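One structure below.
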Amino acid sequence: MRFHKISLKTAFYLLCLLFLAGCEEPYTPKVLESSNNFLVVSGFINSNGPTTIQLSRTQNLSETSAHLKVTNATVAVEEENGEKFPLLETSAGTYSSNTLNLNPTRKYRLYIKAAGKEYASDYVVVQMTPAIDAVTWEAASDGLQIKVSTHDAQNNTRYYRWEYEETWEYQAFYHSVIEYVNKEFIDRTPDRMINLCYRFNNSTSIQISNTVKLSQDVVSNFLLVKVPANSDKLDRKYSILVKQYAQTKESYEYWEALKKNTESLGSLFDPLPTQLTGNIQCLTTPSEPVIGFISISSVTEQRIFVTNAELPGKWRSPSPYCTFDTVRVGKEAEYFSSGSNVPIDRIYSNNMTLIGYAGASKPCVDCRVLGTTTKPTYWE
């Protein structure tokens with residue numbers, strides 16, 4: 001009986017706890033719903049190549065709608081007391097121009113007119129970016145490390161920023177040699193093979209470094225990116241194009257603050273995000289915040305390739321779960337017509353009589369599900 005009484009008491013406490021838990025209501029801070037529709041300017045003015053500027057609007061954290069792009073704006077690069085270079089809208093919210101003929105001894109700014117308001121950056125000098133000395137790779141214990149080295153013999157740069165573009169070649173799990181077209185099977189020609197593809201990825205993290213505390217303006221083996229040893233990027237061949245930008249002290253500090261805001265957020269006890277102070281103002285309403293920093297520099301680039309044969313043999317990405325099905329003659333329309341399954345090859349009996357077809361789900365056969373069969377022009 002004593003054991004029975006304890007059980008009832010325990011059950012009572014559990015019911016109380018469940019009741020209290022059910023009374024909790026989600027709390028949504030009202031600040032998340034405050035007015036938040038400020039202009040965001042992304043990009044930089046390229047002094048030796050195409051310039052691309054993207055315009056968008058900030059949103060509240062609670063909003064789930066697509067990114068708000070600013071369309072039908074007037075965008076131009078303006079020389080101080082001089083010429084204007086218009087940027088045309090090439091896609092929604094994206095404004096571009098071919099190589100601009102900028103005088104490296106003059107200052108320039110970005111001018112924007114959108115939704116009846118005018119915006120402009122400070123006039124800034126043209127920074128000349130030194131060449132990249134080397135982009136190197138190292139097979140570390142946990143994966144592929146990509147490093148960059150550079151220097152300025154005149155000790156004039158001091159502040160650097162990098163971006164990169166990744167490309168990798170990969171294969172589908174199964175190699176399809178036939179295709180199902182108009183209820184018939186035909187052999188694939190070389191231009192219709194779907195087993196070898198290419199994928200692309202652009203950097204999203206902020207990569208910056210400076211040499212202000214060094215006697216020489218030299219960056220040596222700056223770790224730019226890590227590719228995990230089990231990444232499918234390393235299955236066949238991997239390539240990375242590194243882009244280097246010289247920065248002013250002010251633009252470097254902006255990117256540094258942005259890096260802290262995007263990468264250093266953690267618990268409630270972590271430091272609050274740094275206030276971003278860009279160099280773009282709203283001329284119509286000076287008190288209106290504008291997000292972004294415009295700099296002008298040339299760009300230097302370097303590309304490297306890494307093949308799977310050069311990497312440790314134990315590095316292998318996890319194989320997808322793929323199995324093929326045997327489809328008997330007469331059942332092919334039922335299996336292949338929807339397009340969700342793709343034929344691999346014909347199946348013959350010992351006396352070479354056609355008895356069916358091998359097929360599998362599209363992701364296991366068609367590499368185009370994730371990439372493109374079009375080989376990049378720079379591919380080696």
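The values are calculated or read from the model by the stated rules, or taken from the named source; none is laboratory data. Note that the structure is a prediction, hence the values are computed from the model and not measured. Methodologically, a virtual Cβ is constructed for each residue, glycine included, from the backbone with ideal geometry; neighbour enumeration extends over all protein chains shown. Quick note on the areas: whole protein, heavy atoms, side chains included, nothing else; ligands and nucleic acids left out. Shrake-Rupley method; radii C 1.70, N 1.55, O 1.52, S 1.80 Å.
Data overview
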item	result
Residues located in region 273-311, provided they are aromatic (Phe, Trp, Tyr) and either in contact with a Gly (Cβ under 9 Å, 6 or more places away or on another chain) or farther than 30 Å from LYS233 by Cα (or both)	PHE293
Output for region 289-322, where each listed residue is touching a helix residue (DSSP H, G or I) at 6+ places or on another chain (Cβ under 8 Å) and in a loop (DSSP other than H, G, I, E, B)	PHE293, SER295, LEU311, TRP315, SER317, PRO320, CYS322
Boolean, TYR378 is in contact with a Lys or Arg (Cβ under 8 Å, 6 or more places away or on another chain), assigned to a loop (DSSP other than H, G, I, E, B), open to solvent by 20 Å² or more (accessible area, probe 1.4 Å) and more than 30 Å from TYR254 (Cβ to Cβ)	yes
Only listed residue being more than 30 Å from LEU100 (Cβ to Cβ) and either open to solvent by 40 Å² or more (accessible area, probe 1.4 Å) or free of Cβ contacts under 8 Å to residues at least 24 places away in the same chain (or both), chosen from VAL327, VAL369, VAL306, VAL365	VAL369
Within region 338-352, tally of residues that are part of a loop (DSSP other than H, G, I, E, B) and open to solvent by less than 70 Å² (accessible area, probe 1.4 Å)	3
Residue satisfying condition, being touching a Leu at 6+ places or on another chain (Cβ under 7 Å) and among the small types (Gly, Ala, Ser), within set SER121, SER91	SER121
Residue tally, condition closer than 19 Å to HIS175 by Cβ and surrounded by 11 or more Cβ atoms within 10 Å (Cβ to Cβ), over region 315-324	5
Whichever residue in region 355-372 is among the β-branched types (Val, Ile, Thr) and either out of contact with any helix residue (DSSP H, G or I) (no Cβ under 7 Å at 6 or more places or on another chain) or part of a strand (DSSP E or B) (or both) and, among such residues, is farthest from ALA172 (Cα to Cα)	ILE355
Yes/no for PRO320 being over 22 Å from THR189 (Cα atoms) and modelled with pLDDT under 95	yes
Test set (1) under 30 Å from ALA257 (Cβ atoms); (2) open to solvent by 30 Å² or more (accessible area, probe 1.4 Å); (3) in contact (Cβ under 8 Å) with a residue 24 or more places away in the chain - THR204 fails condition number	(3)
Residue in region 93-111 that is more than 20 Å from ALA246 (Cα to Cα) and of a type in the set (A, V, I, L, M, F, W, C) present	no
Matching residues, region 45-58, being of a type outside the set (Ser, Thr, Tyr) and either open to solvent by less than 30 Å² (accessible area, probe 1.4 Å) or not in a strand (DSSP E or B) (or both)	ILE45, ASN46, ASN48, GLY49, PRO50, ILE53, LEU55
Condition check for LYS260: in a helix (DSSP H, G or I) and modelled with pLDDT under 95	yes
Failed item, numbered, when LEU100 is tested on (1) modelled with pLDDT of 95 or more; (2) open to solvent by less than 20 Å² (accessible area, probe 1.4 Å); (3) more than 24 Å from the chain's Cα centre (by Cα)	(1)
Selection count where residues are aromatic (Phe, Trp, Tyr) and crowded, with 19+ Cβ neighbours inside 10 Å, scope region 112-132	1
Filter pass, THR150 being outside any strand (DSSP E or B) and within 30 Å of ILE304 (Cβ to Cβ)	no
Qualifying residue in region 108-119 (condition: on the phi > 0 side of the Ramachandran plot, out of contact with any strand residue (DSSP E or B) (no Cβ under 8 Å at 6 or more places or on another chain) and not charged (D, E, K, R))	yes
Residues (modelled with pLDDT under 95 and closer than 30 Å to VAL299 by Cα) located in region 48-67	ASN48, GLY49, ARG57, THR58, HIS67
Within region 120-135, tally of residues that are of a type outside the set (A, V, I, L, M), touching a Phe, Trp or Tyr at 6+ places or on another chain (Cβ under 7 Å) and not in a loop (DSSP other than H, G, I, E, B)	0
Residue match in region 157-168 (condition: surrounded by fewer than 21 Cβ atoms within 10 Å (Cβ to Cβ), farther than 30 Å from LYS226 by Cβ and touching a strand residue (DSSP E or B) at 6+ places or on another chain (Cβ under 9 Å))	no
